[in-house]
1. Under a Cβ-only charge scheme (Lys and Arg +1, Asp and Glu -1), can you give me the dipole magnitude of the stretch 55-145 about the Cα centre, in debye to the nearest 20?
2. If r is the Cβ-Cβ distance from Ser659 to Thr45 and R0 is 60 Å, what FRET efficiency results, to the nearest 0.05?
3. Sort Ser113, Ser278, Ser290 by Cβ crowding within 10 Å, fewest neighbours at the top.
4. Filter the cross-link list Lys147/Lys282; Lys48/Lys147; Lys194/Lys702; Lys194/Lys709 down to pairs whose alpha-carbon distance in this structure exceeds 18 Å.
5. Run the quick spin-label model on Asn78 and Asp148: label points 7 Å from Cα toward the beta carbon, then report their separation in nm to one decimal.
6. Can you tell me the order of 616-622, 36-42 when each peptide is scored by its average per-residue count of other Cβ atoms within 10 angstrom, highest first?
7. Which value, in debye to the nearest 20, gives the size of the charge dipole of the stretch 149-306 about its Cα centre, when Lys and Arg are +1 and Asp and Glu are -1 at the Cβ?
8. Set the Förster distance to 45 Å, then compute FRET efficiency between Asp132 and Thr370 from the Cβ-Cβ distance, nearest 0.05.
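Nothing in this text is a laboratory measurement; each read-out follows from the coordinates by a stated rule. In this text the structure is predicted, and so the values were computed from the model without any measurement. When we count neighbours, we look across all protein chains shown, and the Cβ atoms used for this are built from the backbone with ideal geometry, even at glycine.
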Amino acid sequence: MKPLRKHISFIVSLPLVLIVVIICNDVRAEFYPFPEYSCIQPNVTFWKKIYTEYSTEQGVIHDNRNLNIIYGIIELKNPDMPGNRKINRNRIKTAKRKYKQILAKLRRGETPSGPEEQYVADLFGPDAKSTDYQTAMRNIRCQVGQKDRFREGLIRSGAYLEEIKQIFREFGLPEDLAYLPHVESSFNPKAYSKFGAAGIWQFTRSTGRRYMTVGYTVDERRDPILSSRAAAKYLKDNYQKLLSWPMAITAYNHGTTGVLRAQRRKGGYEAIFKEYRSRIFKFASRNFYSEFLAAREIAKYYWQYFGDLTLDAPVNTTEVALDGYASLPEIARHLNLDVEVISELNPALRRPVIRGQKYVPKGYRLRLPTDNGQDWKNMIAELSPKLFKNFQKHSRIYTVRRGDTAGKIAKMHGVKLRDLIVVNNLDFRATIYVNQNLRIPLPDEKPVKLAKIENRKNAAKSPRSPAAMEGQPLKTPTVDMLLAMNARSEARQTEEDTVGGSSIIEVDQKETELESAPVIASLKSDYIEEDKENELQQLPQEEEEVDEEIAPMPASDEADGIEETAATESAPTQPTEDNAEPNLQPAIGVGKVQPAVLIPQGHPEIIQVNLAFERIWNQNGNQVGTIRVEAEETLGHYAEWSAVTAWEIRRLNGFPYGSIIHLDQQIKIPLHRATKEEFEEKRFEYHKELTEDFFTSYRVEKVDVYYIKRGDNIWTLSREEFEVPLWLIRRYNTHLDFNALVPTQELLVPVVEKIA
C-alpha cells in the first residue's frame, strides 16, 4: 500500500508543481517581460550604434547574420535631397561589390594584400573556412544610420509618450511597449510606407480596421493616441496567443500567424532566432525584437546618448462629441478657428473632410485647443441645428469617355467648371483622361479656397522646380488664372471638336491606369492572416497641410472658362523647356522609358479603375451584380462595401475558403443591403484614399526596365526586388498579364522616392 500511496501522492502533487511553475513564470514575465538573451546581444549592440552613432548620411556595411562583423562605413548624401538616393544606391552597390571581391579572394585561400583585406580576414579569425567566406559573400548588407532620425523621434515623442504609457497601463501591459514607435516610425504621425502602413504604429489598413476606424473620412492610424489604443489591443492579442513578449513583439512586425508557425516548428524565441528559416522570416523580422530593446534602452536614458534635449510638450485639448454630421470648414468658421488648427489637432480626419467634401462623422470626438479659454462644448451646443446633418455626403462619380471635355462634363451635371477643376485638382488645361473617375462636386461645396491653398503648397514643395530648389515660391496658375484663360478657348473649341477634342493632354488608357494588379493564386505566406471578414486578394502589404487662408475668388461660370479639349487615348507630348508645366504627363512608351516624374506629384487624385457593375439581375428575389476585380481589392472589401459578410460572397460565387481572387476575375456581389450606387461610391473612395495617401508621401523619380526571368513571381519582385507596390507596377504595365509572365518580357518598374 505504501508504494501506491506514494504514487497517488505524486500524482496529486504534480498539478501543484505545475501551478507553482506557471505562477513563477508569470511573476518573472511581469517583472522581466523583455529578456535580453545572450544570442541577441550582438544585435542589440549593433542597433544601439545605428541609432546613436551613425547618421542617415552614413552606411554601415555588415554581415546580415552575424552583426559583430562590420566591414566598413561609407559616406552617403542627404537622402531627402533630389537625386541623392540614386547616388547613394550606387555607392552602396560599389561598397558591397568591393567587400564581396575581398571575401572571394580569401575564399580562394589567397593571402590578404593591404590593411583593408587583412582587417576583413581578422574579422573571421584564423580558423575560418572557405565555406565561411562563401556564406559571407551572400550576406553582405548595408544599414543606413538613424542617429539624426532617432533624435528627432525622441523630441517628437515628448508630446505623446506619457499618455501612451498610461494607455498601456490601463490595458495591463508593460508600459515600456510605448517605446516601440521609435522602431516603427520615429514617432512621426505622418509616416507612411510604400505598402500602405500609416502612423506612428505603422498599421496596415487590413490590420488597423480590426482595432479602429480606417476609411475615407477618418483614419485613426494617423492619430498617435487613438492608434496607441489599437496597438495596445493588438499587442495584448499577440501576447495571449504567444505567451511571450519577445514573440509578441516579433509578431507585430512579422504577423501573428507567421510567428505561431515558427513557434510550432522551433519552440521558444531563442531557437527561432538562431534556427528558424522561411522565405519571408528575414532580416527585419529576425531583428525586430533586438531593435526594440536597443530603442527602449536609448529612449529611457536618452541624455546618456544625446545629451540634454528639449522634448515636445503635450498639447492640451478639449474633446467635444458631435451630435450629427457636420462640415469642418463650417465648424471652423462658426468657432472662429482656422481649419489648419483643427486639422493639426485631429490628424485622424482625412483630406476630404478638411476640404469640406465630406462631413465630420456623427459622434466623432473633435479635439479643440484649450489655450484660449473658450467653452467649446457650450459653443458647439449653441451652433445652429442647420449645421448638423443626419447623413454623410455622398460622392458623385463620373467616368470619362472618349471625346469628353471638362466643360461638357460640368454642363452635363449642372456644376461650375471651376468647381469640377478644383475638386479633382485638374491642371491648367483641365486635363482629363479616358476612364478617369472624376468626382462631381455637390451643390453646397465651397472647394475653391482650400484647393487653392493645396495647389500652392504642392507648387512650393515641388523638388523639380528651379524656384523651389532655390527656396523661392513657385508660380503656379491659380483657379482665377485658369478661368481667365477662357476668353480664347470658346473660339478654339468649335474647331477642335471637329477633330475629336481640344488641347487636353491625350494619354493612352493602358498607360494611365493607376491600379490594376493581379495576384498569383498559389502564393501563400505569413503575410496572409486568417481573417474571415478580410480575406485577401493579395499579400499585404500624409495628409497635405493646409496653408493660410486665401480670400475666395470672384464668382464666375463657364464663360470665364479654361483651355480644354476632349479626352482621347493617344499618348501625350513631352513639354518643352519653354512651356514646361510640372503637372504634365510625359509619354510612356514600352521599351522607351523617360527618366522623369511619370506620375504628377500634384495629381494623386487621378483614379482610373473600372468601378461600374457589368450586369445586374434578380436572383431568388434579391439583386445581384457582377464586377471585375481591381488591384488591392479583397473579398473583405466587397463585404464591407455591400454590407454583407465575406462568407456570403464566397457562397454566392462558390469559392472555397482560402481561395484567392485575381485581377479581372468576375465576381458576383449581393446587393440586397447596399445599392449599386453605394457600392460604387465606397469602391471609388477606397481607391482614391489609396492613391492620395501614396502620392502625398512618395513620387516616381524615373522608370527602369526589368527583363522577366524564368521563375519570376510578380508579387515577390514587387515586395523584395523592387520594393514598390504591385498596383503601381501595374500602372505602367497594363499590357502584361501578370499571371502568365514570359521570360525576356520587358517590365517597366517605377523607382519611388520619399517626398522630403
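1. Working: 17 positive and 10 negative charges, 125 e Å.
For this selection, approximately 600 debye.
2. Details: r = 46 Å, r/R0 = 0.77.
Step by step, r from the Cβ atoms, then E = 0.85.
3. Taking fewest neighbouring Cβ atoms as first place, the list is Ser113, Ser278, Ser290.
4. The pairs that break the limit, which is 18 Å between Cα atoms, are Lys147/Lys282; Lys194/Lys709.
5. 0.7
6. Numbers: 616-622: 9.6, 36-42: 15.0.
In decreasing order of mean packing, 616-622, 36-42 become 36-42, 616-622.
7. 760
8. Calculated transfer efficiency: 0.10.
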